[in-house]
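K.L.:
This is the structure I want to talk about, given as structure tokens.
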Amino acid sequence: MLIFTLFACTTATDTAETEDPAVHACEHAATSEGSITAGATMDTTAGALPIDAEPYTAVLTAGAPGYLAIEVTGDTPALLFLGVADVAANLYSGAEEVGLPEGAPNEACATDIPEHFDLDLHTAGTWYLELGPAAIDQVWISLASAEGHAHEE
């Protein structure tokens with residue numbers, strides 16, 4: 001009986017599905033866990049954007065680019081979701097410009113999330129996401145791990 005119980009527990013754990021980050025983002029597109037203020041420079045003034053799949057409101061820098069800091073501990077595929085297109089401008093690994101891949105609407109809810117990016121945060125350290133300048137003063141944003149969910153090319 002003990003062997004059967006152990007087998008049943010192992011099987012249940014192996015078949016458990018994790019929620020698709022794109023679907024999760026859609027479910028939270030109208031919510032926010034708080035605000036993050038973009039800093040004027042790529043340093044400690046940049047607000048921290050965690051890779052936690054939670055929705056935030058990013059407060060942008062008026063009339064100028066602003067930066068959010070992303071702390072990475074190792075090779076990390078991630079999905080960046082934005083509630084407004086054309087606000088994300090660039091991506092940096094430290095001070096090195098990496099650039100953003102081509103953005104596209106979130107296929108699960110293109111109207112609510114008109115732009116997302118598949119990011120390859122491949123080295124440990126602080127990465128910076130450049131936002132704006134934009135005609136708006138805030139944007140809905142979410143950054144999720146894409147581990148096991150990366151798009152196949």
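FYI, it's all coordinate maths here, none of it is from the lab. Treat the numbers as computed from the prediction; the structure is a model and nothing was measured. Here the Cβ positions follow ideal geometry from the backbone for every residue, glycine too, while neighbour counts run over all protein chains shown.
K.L.:
Please state, to two decimals, what the Cα-based radius of gyration of region 57-136 comes to when divided by 2.2 N^0.38 Å (N = residues).
P.N.:
1.08
K.L.:
Quick one: net charge around A30, please, counting Lys, Arg +1 and Asp, Glu -1 for every other residue with C-beta under 14 Å from its C-beta.
P.N.:
The answer is -4.
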